[in-house]
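Here's the structure, in structure tokens; my notes come after.
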Amino acid sequence: MIPALISVIIAFGIIALSVTQITISNFSIVGNTIKGQQAFNVAEAGVNYYLWHLNHNNTDYKDGKTTPTTPDAALGYGPYVHTYIDSDGVNEGTYTLWIKPASTGSTVVTVRSIGQTPDGIKKTVEAQIGSPSFASYGVVSDGALWFGNTEEANGPVHSNQGIRMDGANTSTVSSSNTTYVPPNGLGDNGTNSHTGVWCSTTITAPVNCNTRSKSDWLYPVAAVDFNQVTSSLCTIKKVAFAANASTASLATQANACTQVPTTRTSSYLPQRSTTYSLSRGYMIQLNTNGTYDLSYVNGETDTATPYTAALSLQSVATGIAIPSSGVIFAEDNVWVRSNPTYHGRVTVAAGKLASTTPSKYANIVIADQLLYSTKNGTDAIGLVAQDSVVVAPYAPPATGPFTFEVDAAVLAQSGDVVYTGKYRSNSTRCTRGWTNANQQFVFYGSVATRQTWTWTWLVGGACGDAAYDATNGYISGIENNSTQYDYNLQYGPPPSYPLTAGYNFLSWRQVLTHP
């Protein structure tokens, strides 16, 4: 009996020891799991913090610091270490941040956060954070839109009022209203009510209104806030000030946006005169090598053609390097063209921000073709005008077959994006019209306008230089045109381009290695 009892005691001892070891091991595993989860939670707090930070300062990739000057090639700017104190006041550890913008001016930021508990357990989380800009649309307007049957819309289109879509569309067409009354000349006579997006049943070619798919016509949807552009122009001006030592101190002043220094830098062009003139300002010629040439525009006779005859130009400087910020702000009107293409990323903004008189707001005039050297997202031109962005009547070729092209994201804060219907030098005379099928206008980029957008005008009768079309009557502008959206702009707009909403997470993942 005694040997048997001893054997049982030994067996139970072995079992008890094994259970104890397993229990201790499980406690260790559970403890490590809890600590690992704690480190993960701290890392997640880091990316949440930087989402908040970007929504309050969308151009800061250095966590409010000034260093490092040069980012790490793989990780970006950092490391920035924060102690994480939870809501109960307990020190849960630290998170270390690395912030990497995708490219100059892009709204996509990659944030890597390394969470570490007080006893050294680490977890890493990486998130892509981005914000939609006004360049997220092929065409977006605060007013009503009308695409004629010879006009094609490529990319998302939105109006805060309503849209008559007689032309072809390749993406969503949305309105903020269930119904609206189109203004006279923008789809109807100003009295009839229509659904938020509609087409005329009389249109049967090239797209048949009665049989076309309308599944991507959306209404009502949330409105796009154009009021944000006012503060965005101020932000662009501050970026221009900060880019040069001679004006950098102005960028931090409370009244920075109403400052009008006379110093010209590569990023800031002062007002030409305290007396405003629509026919005076600057010509910016964007060059293939990523520089720009600058001239004074001392006068404009827009009935002449081409731009060299229409504009009185005085050379100021050539081969000016585009600022590292990618921003040029002019306190005056701007005319722009490319020579012959542009390679790089730049935003040209025009605003007389010290003026509160709308008739004295600054405009941007497209004086000639404006072309990218590539269409893969490497090149981007932003044009942001306090008033209007206008395609000049002397910009397309005067006669003969042509494909006239403009590559840009354009935004009119308070005015229009248009081919002008009347000459500025003779407001009673209709501008040139082109109606032949071999005379084409291609707009590649994005249009955002507070009021009207159009490349053509139906002028109602013989008028100046308007061209006659047997179907539609007299036309100012290029009748055969297409507005093609540059999808590279969706989360890679030009530098400092105005945003329509705050930052959000685009993607999120745990990284198994660190940093």
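The values are calculated or read from the model by the stated rules, or taken from the named source; none is laboratory data. Since this is a predicted model, take the numbers as computed values, not measurements. Note that each Cβ is placed from the backbone with ideal geometry, even for glycine, and that neighbours are counted across all protein chains shown.
When the stretch 89-108 is examined, which residues are found to be among the hydrophobic types (A, V, I, L, M, F, W, C) and either at pLDDT below 90 or surrounded by fewer than 23 Cβ atoms within 10 Å (Cβ to Cβ) (or both)? Reasoning before the result, please.
In the first step, residues of the stretch 89-108 are kept if they are among the hydrophobic types (A, V, I, L, M, F, W, C); the result is 90, 97-99, 102, 108.
Answer for the stretch 89-108, where residues must be among the hydrophobic types (A, V, I, L, M, F, W, C) and either at pLDDT below 90 or surrounded by fewer than 23 Cβ atoms within 10 Å (Cβ to Cβ) (or both): V90, A102, V108.
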Report yes if S113 is buried (at least 20 other Cβ atoms within 10 Å of the Cβ) and within 30 Å of G415 (Cα to Cα), otherwise no. no
Out of the residues in the stretch 337-387 that are polar (S, T, N, Q) and not in a loop (DSSP other than H, G, I, E, B), state the one that is farthest from G415 (Cα to Cα). N339
Among the residues of the stretch 26-40, is any under 30 Å from I236 (Cβ atoms), modelled with pLDDT under 90 and among the β-branched types (V, I, T)? no
Quick check on my filter: what residues within the stretch 381-436 are free of Cβ contacts under 8 Å to residues at least 60 places away in the same chain, surrounded by fewer than 23 Cβ atoms within 10 Å (Cβ to Cβ) and of a type in the set (F, W, Y)? F402
In the stretch 357-406, residue nearest to the chain's Cα centre (by Cα) [restricted to those that are polar (S, T, N, Q) and within 16 Å of N287 (Cα to Cα)]: T378
So the check is Cβ under 6 Å with 6+ separation or different chains; which pairs have a first residue in the stretch 232-251 that's assigned to a helix (DSSP H, G or I) and a second one that's charged (D, E, K, R) and crowded, with 17+ Cβ neighbours inside 10 Å? A251/K238
Is it the case that the stretch 177-193 has a residue that's crowded, with 20+ Cβ neighbours inside 10 Å, hydroxyl-bearing (S, T, Y), in contact with a Phe, Trp or Tyr (Cβ under 8 Å, 6 or more places away or on another chain) and in a loop (DSSP other than H, G, I, E, B)? no
For the stretch 153-209, enumerate the residues that are at positive phi and in contact with a helix residue (DSSP H, G or I) (Cβ under 8 Å, 6 or more places away or on another chain). G155
Just need a number here: residues in the stretch 335-360 that are among the hydroxyl-bearing types (S, T, Y), surrounded by fewer than 22 Cβ atoms within 10 Å (Cβ to Cβ) and either closer than 22 Å to L313 by Cβ or touching a Phe, Trp or Tyr at 6+ places or on another chain (Cβ under 9 Å) (or both). 4
For A462, the lone unmet condition from (1) small (G, A, S); (2) under 30 Å from D60 (Cα atoms); (3) surrounded by fewer than 23 Cβ atoms within 10 Å (Cβ to Cβ) is (2)
Being more than 25 Å from the chain's Cα centre (by Cα), under 30 Å from A251 (Cβ atoms) and surrounded by 11 or more Cβ atoms within 10 Å (Cβ to Cβ) is the filter here, so list the residues in the stretch 66-88 that pass it. P68, D72, G78, P79, Y80, V81, H82
Is at least one residue of the stretch 319-334 among the hydroxyl-bearing types (S, T, Y) and in contact with a helix residue (DSSP H, G or I) (Cβ under 6 Å, 6 or more places away or on another chain)? yes
Inspect the stretch 128-141 for any residue being crowded, with 22+ Cβ neighbours inside 10 Å, of a type in the set (G, A, S), in contact with a Ser or Thr (Cβ under 9 Å, 6 or more places away or on another chain) and farther than 30 Å from D63 by Cα and give the result as yes or no. yes
Quickly run through the stretch 379-427 and pick out the residues that are closer than 19 Å to S359 by Cα and of a type in the set (S, T, N, Q). Q386, S388, Q413, S414, T420, S425, N426, S427
Only residues that are without any contact (Cβ under 8 Å) to a residue 24 or more places away in the chain and assigned to a loop (DSSP other than H, G, I, E, B): list them for the stretch 34-65, please. N57, D60, G64, K65
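Residue by residue, here is whether (1) touching a residue at least 12 places away in the same chain (Cβ under 8 Å); (2) of a type in the set (A, V, I, L, M); (3) over 23 Å from S232 (Cα atoms); (4) outside the structural domain of A395 (by TED's automatic domain parsing) holds:
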| site | (1), (2), (3), (4) |
| --- | --- |
| Q253 | no, no, no, no |
| V260 | yes, yes, no, no |
| S266 | yes, no, no, no |
| L269 | yes, yes, no, no |
| S273 | no, no, yes, no |
| Y282 | yes, no, no, no |
| Q285 | yes, no, yes, no |
| N289 | yes, no, yes, no |
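Would you say V229 is within 30 Å of D332 (Cβ to Cβ) and touching a helix residue (DSSP H, G or I) at 6+ places or on another chain (Cβ under 8 Å)?
yes
Quick one: count up the residues across the stretch 55-64 that are modelled with pLDDT of 90 or more and surrounded by 11 or more Cβ atoms within 10 Å (Cβ to Cβ).
Qualifying residue count, the stretch 55-64: 3.
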If I filter the stretch 486-515 down to residues being part of a loop (DSSP other than H, G, I, E, B) and of a type in the set (S, T, N, Q), which single residue comes out as modelled with the highest pLDDT? S496
